[in-house]
Amino acid sequence: MGKVIEKVKITSLFNQTKTMEVEAVIDTGATMLVLPKNLVDELALRKIRDAKVKYANNQVQIKPVYSAVTLELKGRIGTFDVLAEAEGSQPLVGQVVLEVLDLVVDPRTRTVTPNPRSPEMPMVEILEEG
């Protein structure tokens, strides 16, 4: 599968005037939303914790996590924390974001679309034992 790239709108949750549109790689192998540190600074996000990050080459590093942004993709909006990477790195949208927004990646067309089972809004699945 080649790269899937989509335009996303990102807005600081705590300062709605801080907003931007960026081209992000949709990475189903990544977990969360990743932005370069310079964009995190532009959005004036607040560091909330550190996270251990494992890369595809099995390298492990500690990276800062910032709170919080609203992210809009394909007309769906959610609130997410942001993992900061080095300045100039590629913004990434990971699997957690796709799951929360109920979006699916089509590897043939390299596009992101709303889940066909729930095209009008995200569906939340709750498995309850009765």
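Data table
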{"read-out": "In sequence order, calculated HN-Hα J values of segment 112-126 (Karplus, 6.51, -1.76, 1.60; Hz; x Gly/Pro)", "value": "10, 9, x, 4, x, 6, 8, x, 7, 6, x, 9, 9, 9, 10"}
{"read-out": "Residues with amide H under 5 Å from that of V104, placed H, sequence gap 5 or more", "value": "T113, N115"}
{"read-out": "Karplus 3J(HN,Hα) series, Hz, for segment 90-104 with 6.51 cos²θ - 1.76 cosθ + 1.60 (x for Gly, Pro)", "value": "7, x, 10, 10, x, 5, 4, 4, 4, 5, 5, 7, 6, 10, 10"}
{"read-out": "Largest-first ellipsoid semi-axes for the chain, taking √(5λ) over the Cα gyration tensor eigenvalues, angstrom", "value": "23, 18, 16"}
{"read-out": "FRET efficiency, 1/(1 + (r/R0)^6) with R0 22 Å, evaluated for L13 and M123 via beta carbons", "value": "0.40"}
{"read-out": "Net lengthening on full extension, V96/I77 (0.36 nm per residue, minus Cα-Cα)", "value": "5.5 nm"}
{"read-out": "Size of charge dipole - segment 5-114 - debye, nearest 20, with Cβ of Lys, Arg +1 and Asp, Glu -1, no other charges", "value": "180 debye"}
{"read-out": "Cβ-based net charge around E6, under 14 Å, with every Lys or Arg adding one and every Asp or Glu removing one", "value": "+1"}
{"read-out": "Partner aspartates and glutamates for K47 [C-alpha distance under 20 Å; skip if fewer than 8 residues away on the same chain]", "value": "D81, E85, E87"}
{"read-out": "Reach of K54 by Cα under 28 Å, taken over lysines that are not fewer than 8 positions away in the same chain", "value": "K3, K7, K9, K37, K63"}
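A short reminder: the numbers here are calculations on the coordinates, not readings from a lab. Owing to the predicted nature of the structure, the values given are computational and were not obtained by experimental measurement. Here Cβ is always computed from backbone atoms with ideal geometry, including for glycine, and neighbour counts include all displayed protein chains.
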